[in-house]
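Here is the structure we will look at, set down as structure tokens.
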Amino acid sequence: MNNPLVSIIVPCYNYAEFLRETLQDLLKQEYTNWECIVVNDGSTDDTEGVAREFAQRDARFRYCFQANQGLSSARNFGMKQSKGAYLQFLDSDDFIHPSKLLKQVNEMESRPEVEIIYGKSLFFFGDDRSLLFQTRDGKKASSNQNLRASGKGQTIFKQLLKNNLMEVSCCLMRRGVIDKVGFFDEQFKSYEDWQYWIRCAVAGVVFQYHPEAGTETFIRCGHNSMMKNRKKLAEHGLMIRRQLHPQLTFTQKLYNYYRMAKLQTRLTFKIY
């Protein structure tokens with residue numbers, strides 16, 4: 001196997017309380033040829049101190065700062081600073097399995113046609129990673145489980161029209177995707193990853209769902225204002241669907257009208 005560099009991009013805005021554990025956890029990765037770029041998106045807490053501490057301890061960590069511009073901008077900044085053949089996005093309060101990079105790099109190296117590979121996400125609440133759930137609410141069956149798909153073009157686009165396929169930290173992406181698709185759209189402050197995957201599907205990027213044990217992503221839940229987040233998700237979900245609408249088939253437009261109506265109803269009556 002080749003030993004390509006993987007760039008792990010960690011945007012952080014006032015999450016210093018979680019960042020230390022996330023960065024410490026990366027040191028457990030079985031695949032060691034990686035760089036981690038921590039992008040401080042104008043934090044007012046000790047994000048800088050935590051990130052610089054790791055950069056001083058291990059040269060694979062790099063610290064960058066920008067004035068607060070949002071998650072999409074911070075990811076883009078990290079992508080532009082990165083040097084890796086592969087990109088791994090990681091939110092500053094989440095974790096990836098110690099085998100994730102090794103197994104996904106191996107799979108990608110053996111399948112050069114695949115441009116984005118992704119596995120499963122599991123959710124935990126607070127600091128307890130011993131109790132894992134299939135969904136963010138810990139109760140319902142995930143609506144995304146049936147959306148998992150491999151392929152390109154309409155095969156992926158049809159699934160993305162229903163909903164997002166994955167959490168952003170689930171994927172490992174070839175650097176060449178940037179040449180095809182560009183960077184995250186910075187007007188989206190939420191669902192920016194969903195919008196990016198849609199653009200990837202339209203550009204013919206090849207996706208591979210590969211839920212091999214040891215490639216999981218662990219998503220922390222329960223520490224944000226759920227009311228605020230759900231309102232923002234509904235607003236940006238509606239933006240994405242409006243943006244999509246002109247390029248849909250007649251049947252797809254009918255479905256999209258239905259989904260837009262549901263989102264507009266939630267926003268009108270504040271059903272978050």
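Just so it is clear, none of the values below were taken in a lab; they were calculated from the coordinates. Quick caveat, the model's predicted, so the values are computed rather than measured. Glycine gets a Cβ as well: all are built from the backbone with ideal geometry, and neighbour counts include every protein chain shown.
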- prompt: Tally Lys/Arg at +1 and Asp/Glu at -1 over every other residue whose Cβ is under 10 Å from the Cβ of V205; what's the total?
  reply: +3
message: I want the local charge near K28. Using Cβ-Cβ distances under 15 Å, sum +1 for each Lys or Arg and -1 for each Asp or Glu among the other residues.
response: 0
task: Provide, in order from the shortest bin, the percent of all Cα-Cα pairs of the chain in each 5 Å bin, continuing until the bin that contains the maximum pair distance.
output: 1, 6, 12, 17, 19, 18, 14, 8, 3, 1, 0, 0
- prompt: Which residue, F250, F218, F61, tops the fluctuation ranking in a GNM of the chain built on C-alpha contacts under 10 Å?
  reply: F250
Among Q88, Y13, L23 - extreme Cα towards positive end, dipole of the range 6-223, charges at beta-carbon: Q88
message: Just to confirm a number: summing +1 for Lys and Arg and -1 for Asp and Glu over residues other than V168 whose beta-carbon lies under 12 angstrom from that of V168, what do you get?
response: -4
- line: Taking Cα atoms, the helix 192-202 axis meets the longest principal axis of the chain at an angle in degrees (rounded to 10) of 70
message: Rounding to the nearest 10 and keeping the result within 0 to 90°, find how far the Cα-based axis of helix 226-244 lies from the longest principal axis of the chain.
response: 60
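Taking the Cα centre of the range 225-272 as the origin, how large is its charge dipole in debye, to the nearest 20, when only Lys and Arg (+1) and Asp and Glu (-1) carry charge on their Cβ atoms?
Charge dipole, the range 225-272, about its Cα centre: 180 debye, nearest 20.
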- request: Can you grab the distance from the C-alpha centre of the range 149-211 to the C-alpha centre of the range 27-102, Å, no decimals?
  value: 21
For the chain, calculated [θ]222 nm from helices alone, where every DSSP H run of n ≥ 4 adds -39500 (n - 2.57): -12500 deg cm²/dmol
message: Could you identify which residue out of I116, I240, I96 has the top mean-square fluctuation in a GNM of the chain using Cα springs shorter than 10 Å?
response: I240
Within a Gaussian network of the chain (alpha carbon springs, distance under 10 Å), most fluctuating of D179, D91, D46: D179
